[in-house]
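The values are calculated or read from the model by the stated rules, or taken from the named source; none is laboratory data. Everything numeric in this text was worked out from a predicted model, so none of it was measured. Cβ: placed from backbone, ideal geometry, glycine included. Neighbour counts: every protein chain shown. Only protein heavy atoms, including side chains, enter the accessible area calculation; ligands, DNA and RNA are left aside. Shrake-Rupley method; radii C 1.70, N 1.55, O 1.52, S 1.80 Å.
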Amino acid sequence: MNDEVTGRGSDAPATSQRAWGERYDRTLMNTFGHPRRVFVRGRGADVWDADGRHYTDLLAGLAVHALGHAHPAVLEAISGQAATLGHISNLFASPPQIELGERLVGLATLDAPGTPARVFFANSGTEANEAAFKLSRRTGRGRIVAMEGSFHGRTMGALAITHNEHYREPFEPLPGEIVWVPYGDVPALERAVDETVAAVVLEPVQGENGVVEPGPDFLPAARRITAAHGALLWIDEVQTGLCRCGRWFAHQRAGIAPDVITVAKGLANGYPIGACIALGDAAGLFGPGQHGTTFGGNPIACAVGCAVLGVMADERLADRSEELGAHFAGAVMALGDPRIDLVRGQGLLRGIVLNRPIAAGAADAALDAGWIINAPRPSVLRLAPPLIVTAGQLDAFVAALPGLLDTVQERS
Ligand SMILES: *Cc1c(COP(=O)(O)O)cnc(C)c1O
């Protein structure tokens, strides 16, 4: 194989990226469009493409690799566990699976120590939500109340509670009895929940919808309303959980304890994993044989999860996320740029709201200039950097931002 094919190192020829892109287009299903870049290497918040160009990664693979690329604790966990015991199926158990389960139970019950809680391990966010969806049916009720603007994943159950019609409609019929409520609307939630409702599902911050937060009264109200009607409160922390929003779980900011928490993205730094954590009576809803998975809870993914949670605790990454996020939001607003309306979000999950729909163009201009961010909405830029990002890296992006917005306006 020549260098053009392997794309190895910074001395790869300038055609590498194009050659990879053509092979991608011929071979991979067209669900994601043509790849904007083909990346070959990363370290911390730095990545390099197949042409040897450098980028600062301020998206962390969609809020996933919290510890950055090639973190030594992750390398050690993967190689150490792979050299010890890699897979056994759920006919059997392994120590990393039990240890990670215990850690997640501890974190989920931080504000309610002693509450019984149990974990089901899956391999992705959508599967964690699929487990929670099935768990909710074990209440004997069928109806689910979901939020307008929600995103919960792409499998049929998670898709049914995802609001975007463009994602949902081509695949109908989906599992039914879904009731939609405007996100953050307490009276509407009050009207929607009765004794026929199995669960209310919501994200503490809607990441895919453009980093949208409900008012501070919404999560406490959701807790009160679900408890009054015997419905489960299911919080999707797939994007917001595990220090991303300045707390172990974003809902802990509201001081509430849900019945079900789903997590995935930040848990194993990019090694596929998901988990559905149920608290209190909900922890006993599944019986033997009622749910399952071949790969879920495998020793390598769980060993990586343990290592990631260990680093997050040792390095106090929730606090770091809170502090750097506030610093970043303040720095962006201090630009006083008339094209920027506000910065929203929590911790290091941030949306820069522009006063015109140029976010897609601005994300493209950023990529050309060596910054990885994305545009979940036409006028919103999202940043979800590795939690080990430095203030200097964030400041450099803030300094570049007005120029990136100029570039879009010149191009249009
Ligand atoms: C990304 C995401 C999912 C889906 O996770 P996958 O691992 O892509 O299946 C579910 N819920 C939320 C809130 C997400 O951000």
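Just to check I understand the Karplus step: with θ = phi - 60° and J = 6.51 cos²θ - 1.76 cosθ + 1.60, what whole-Hz values come out for the range 253-263, glycine and proline as x?
4, 8, x, 10, 10, x, 8, 9, 10, 10, 9
Run the accessible area of the chain with a 1.4 Å probe and give the carbon-and-sulfur part as a rounded percent.
Values: 9590 of 17700 Å².
C and S fraction of accessible area: 54 percent.
Give a residue-ordered list of calculated ³J(HN,Hα) values for the range 26-35 (Karplus: 6.51 cos²θ - 1.76 cosθ + 1.60, θ = phi - 60°; whole Hz; x for Gly, Pro).
6, 10, 8, 4, 7, 8, 10, x, 5, x
Name the long-range amide H neighbours of residue 246: under 5 Å, sequence gap of 5 or more, or other chain; modelled H, no Pro or chain starts.
Amide H neighbours of residue 246: 322, 348.
Say a paramagnetic label sat at a point 7 Å from the Cα of residue 138, along Cα to Cβ; which residues of the range 285-312 have their backbone N under 14 Å from it?
Label zone hits: 285-293.
Note down the net charge around residue 262, summing +1 for each Lys or Arg and -1 for each Asp or Glu among other residues with Cβ under 13 Å from its Cβ.
Details: positive: 134, 265; negative: 127, 130, 203, 236, 237, 259.
With Lys, Arg at +1 and Asp, Glu at -1, the neighbours total -4.
Per residue of the range 273-290, in order, report the coupling 6.51 cos²θ - 1.76 cosθ + 1.60 (Karplus, θ = phi - 60°) as ³J(HN,Hα) in whole Hz, putting x for Gly and Pro.
Rounded to whole hertz, the list is 6, x, 8, 10, 10, 10, 10, x, 4, 4, 5, x, 6, 8, x, x, x, 7.
Filter the GluC sites (Glu not before Pro) in the range 182-213 to those in DSSP coil with at most 10 other Cβ atoms within 10 Å of their Cβ, and list the result. Write out the running numbers ahead of the final one.
Details: sites: 190, 195, 208; in loops: 195, 208.
Hits after loop and neighbour filter: 195.
Assuming R0 = 25 Å, what is the FRET efficiency of residue 18 and residue 360, from their Cβ-Cβ distance, to the nearest 0.05?
On the way: r = 22 Å, r/R0 = 0.88.
Using R0 = 25 Å, I get an efficiency of 0.70.
Please find the FRET efficiency linking residue 84 to residue 295, where r is the Cβ-Cβ separation and R0 is fixed at 25 Å, and quote it to the nearest 0.05.
Values: r = 17 Å, r/R0 = 0.70.
My answer for the efficiency is 0.90.
Among DSSP beta bridges lying fully in the chain, give the percent that are antiparallel, nearest 5.
Numbers: 31 of 47 bridges.
Approximately 65 percent, going by the DSSP bridge assignments.
Would you please name the GluC sites (Glu not before Pro) within the range 123-172 that are DSSP coil residues with at most 16 other C-beta atoms within 10 Å of their C-beta? Kindly include the intermediate steps, with their values, before the conclusion.
Numbers: sites: 127, 130, 148, 165; in loops: 148.
Sparse-neighbourhood loop GluC sites (Glu not before Pro): 148.
May I ask for the angle, rounded to the nearest 10°, between helix 391-411 and the longest principal axis of the chain, with both axes built from Cα atoms and the value confined to 0 to 90°?
Once rounded, the angle reads 70 degrees.
Using modelled backbone amide H atoms (1.01 Å from N, in-plane), which distant-in-sequence or interchain residues come within less than 5 Å of residue 143's amide H?
Residues meeting the amide H criterion: 198.
What do you get for the angle between helix 299-314 and the principal long axis of the chain? Use alpha-carbon atoms, 0 to 90 degrees, nearest ten.
The angle comes out near 80 degrees.
Note down the Stokes-Einstein diffusion coefficient of the chain in µm²/s, whole number, using a Kirkwood radius over alpha carbon pairs, 37 °C, and 0.692 mPa s. Please list the in-between numbers first.
Details: Rh = 22.2 Å.
Calculated translational D: 148 µm²/s.
At residue 70 and residue 228, where each label point lies 7 Å from the Cα along Cα→Cβ, what is the point-to-point distance in nanometres?
My value for the distance between the label points is 5.6 nm.
Sum up the charges of everything whose Cβ sits under 14 Å from the Cβ of residue 371, counting Lys and Arg as +1 and Asp and Glu as -1, but leave residue 371 out. Working shown, then result.
Values: positive: 36, 37, 53, 350, 382; negative: 46, 49, 57, 364, 368, 395.
Result for the local shell: -1.
Quick one: putting +1 on the C-beta of Lys and Arg, -1 on the C-beta of Asp and Glu, what dipole do you get for the chain around its Cα centre, in Debye to the nearest 20? Let's see the in-between values first.
On the way: 34 positive and 44 negative charges, 76 e Å.
My answer is approximately 360 debye.
The range 376-412 to the range 34-50: how many Å between their Cα centroids?
17
Just going by the charge dipole of the range 85-314, with Lys and Arg at +1 and Asp and Glu at -1 on Cβ, which of 183, 308, 133 is farthest out on the positive end?
Positive-end residue among those listed: 308.
Would you mind telling me the antiparallel percentage of the DSSP bridges in the range 85-314, rounded to 5? Could you put the intermediate results ahead of the total?
Details: 11 of 25 bridges.
Of all bridge pairs located within the range 85-314, approximately 45 percent are antiparallel.
What length, rounded to one decimal in nm, is gained on full extension from residue 391 through to residue 174, with 0.36 nm per residue of separation minus their alpha-carbon distance?
Values: separation 217, 0.36 × 217 = 78.12 nm, distance 4.45 nm.
Result: 73.7 nm gained on full extension.
Can you give the net charge of the other residues whose Cβ lies under 12 Å from the Cβ of residue 317, counting K and R as +1 and D and E as -1? Don't skip to the end; give the middle numbers.
Details: positive: 244, 247, 316, 320; negative: 314, 315, 319, 322, 323.
The answer is -1.
Expressed as an acute angle from 0 to 90° and rounded to the nearest 10, what is the orientation of the C-alpha long axis of helix 95-108 relative to the principal long axis of the chain?
80
Under 8 Å for C-alpha pairs, at least 6 residues apart: give me the relative contact order for the range 85-314, rounded to a whole percent. Present the calculation step by step, with values, prior to reporting the outcome.
Numbers: 460 pairs, mean separation 68.8, N = 230.
Reported relative contact order: 30 percent.
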